[in-house]
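Nothing in this text is a laboratory measurement; each read-out follows from the coordinates by a stated rule. Nothing here was measured: the structure is a model prediction, and the numbers come from that model. Here the Cβ is made from the backbone with ideal geometry for all residues, glycine too, and neighbour counts use every protein chain on show.
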Amino acid sequence: MSFRALWQALLPIGRDPGTGGYRRFSWTAADLSCRDWFMTAAAAGGLAAEQDRDGNLWAWWDTAAEAGEADSDRMAGASRAGAVVAGSHLDSVPDGGAFDGPLGVVSAFAAVDALRGRGFTPARPVAVAAFTEEEGARFGVACLGSRLLTGAITAEAARGLRDADGVSLAEAMAAAGADPDLLGPDDELPDRVAAFVELHIEQGRQLVDLNAVIGVGSGIWPHGRWCFDFAGRADHAGTTALPDRRDPMLPFAATAVAARQVAGRHRALATFGKVSVLPGGVNAIPSAVRAWLDARAPDEGGLRSVVERITATAERAAADHGVTVVTVPESFSPPVEFDPALRARLSGALAKTGIRAPVLRTGAGHDAGVLAARIPTAMLFVRNPSGVSHAPREHAAWPDCETGVAALAAAIEELAAA
């Protein structure tokens, strides 16, 4: 199928008609529809599709698929050693844009279709992959599918993760027909992958400024998420004197302001993007405020310093208002340098096709960053003229998307030809 046909089939799934954004949260009805789309796209392309033990999706182009053999019979076979894999994810942040994640999956299917159309026969297996819960929007841990696959998080910890409604990952998977008892690392599967290439819309405007359509990733900043629990005392907003209050909203507000100031001084990024207030009444002083900090920096020492300073501000402000605060790290991703040899091969392959691709570093986390601990990985970025990401205004022009498909096809051909 063509890029446009694949894209148009996926586009309506999970879109909120009010905001225009997407709500494709893991193991929900929208997510299951995305999984159905993946299986349909794989079948239309003659690829053998499989869902692994962690909920990640794989569509294989190899001799087994060509012969029409059952994918499960060959999944553990040595015939898939040295595979070249391309893909991304299909889930979204709340009211996210259409391109973050899906662009990479759609482009991978379209690139395989383009290669087959011009008669290319790979010398090694090729696969399209879609990793589950990359955004961490429902269960709080980003890149959960790739973390489970590589053992970066334990199955026990993952099964116990809960969403905002108190539903555990294990319960959500079971309700969707998946078996949470199977969760865990799969050493054989990543060991069969020789290279993973993730194409992604750029989350920023570097390519716009460089007047380039495609970029090659060099690495990812270290980043993480921390939960701040401020506990005070609930009371009446209309009768409690200001000096008598133990209002957790005030130290949280001071902490949010400090996060912006500290990040600015350290060339870092710090964001409180999710807040839960209890009991949540307009005329009630809160009893508790739970807030999540997303922090990123060019290096690990800088990130640690930023988080320490923000935490110290929270503790001082809490003490000033008779409130307690507990800070818990929820996830952390160390800095990633993508495989230099793989990056050089991709740059060379793109140059042969006439695609100029400057090298970019990003502050955004990706499955490629998690997988880099186990296998050679690389990233390609497609120009985003708006510079906006994680929001409905996120955008890539059709010609740029087509160039992205051509770039990914060139990358797969380079890596799978020998």
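Computed quantities for the displayed model
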{"quantity": "Whether region 351-418 is rounded, prolate or oblate, judged on the alpha carbon gyration tensor where a/c under 1.5 counts as rounded", "calculated": "oblate"}
{"quantity": "Crossing angle, helix 29-44 versus the chain [Cα axis fit, 0-90 degrees, rounded to tens]", "calculated": "10"}
{"quantity": "J(HN,Hα) series, region 216-230, from Karplus relation 6.51 cos²θ - 1.76 cosθ + 1.60, nearest Hz, glycine and proline x", "calculated": "10, x, 9, x, 10, 4, x, 7, x, 10, 10, 9, 10, 10, 9"}
{"quantity": "Order of Trp58, Trp37 under a 10 Å beta carbon neighbour criterion, fewest first", "calculated": "Trp37, Trp58"}
{"quantity": "Cα-based convex hull, region 223-333, per residue volume (Å³, whole number)", "calculated": "84"}
{"quantity": "Cα→Cβ-extended label distance, 7 Å offset, between Ala29 and Arg118, nm", "calculated": "4.3"}
{"quantity": "Ranked packing of 265-274, 200-209, most packed first, by mean Cβ within 10 Å", "calculated": "200-209, 265-274"}
{"quantity": "In Hz, Karplus ³J(HN,Hα) per residue of region 337-351 (6.51, -1.76, 1.60; θ = phi - 60°; x = Gly, Pro)", "calculated": "10, 5, 3, x, 5, 5, 4, 5, 5, 5, 4, x, 5, 5, 4"}
{"quantity": "Length added when fully stretched, Glu171-Val257, from 0.36 nm per residue minus Cα-Cα", "calculated": "27.2 nm"}
{"quantity": "Folded to 0 to 90 degrees: helix 249-265 orientation relative to the chain principal axis, Cα", "calculated": "50"}
{"quantity": "Projected label distance in nm at Arg205 and Ser305, using a 7 Å step from Cα toward the beta-carbon", "calculated": "2.8"}
{"quantity": "Antiparallel DSSP beta bridges within the chain, as percent of all bridges there, nearest 5", "calculated": "70"}
{"quantity": "Residues whose placed amide H lies under 5 Å from that of His223, excluding near-sequence neighbours", "calculated": "Ser333"}
{"quantity": "Nonlocal amide H pairs with Asp16, under 5 Å, H built at 1.01 Å", "calculated": "Gly21, Tyr22, Arg23"}
{"quantity": "Thr240 paired with Thr324, simple spin-label distance in nm, labels 7 Å along Cα-to-beta-carbon", "calculated": "1.7"}
{"quantity": "Sum of -39500 (n - 2.57) over DSSP H runs of 4+, divided by residues of the chain (222 nm, nearest 500)", "calculated": "-10500 deg cm²/dmol"}
{"quantity": "Cβ crowding within 10 Å averaged over residues, with 407-417, 84-94, 39-49 ranked highest first", "calculated": "84-94, 407-417, 39-49"}
{"quantity": "Relative contact order (percent, whole number), the chain, Cα cutoff 8 Å, 6+ residue spacing", "calculated": "21"}
{"quantity": "Acute angle (nearest 10 degrees) that the helix 102-117 long axis makes with the longest principal axis of the chain, alpha-carbon atoms", "calculated": "0"}
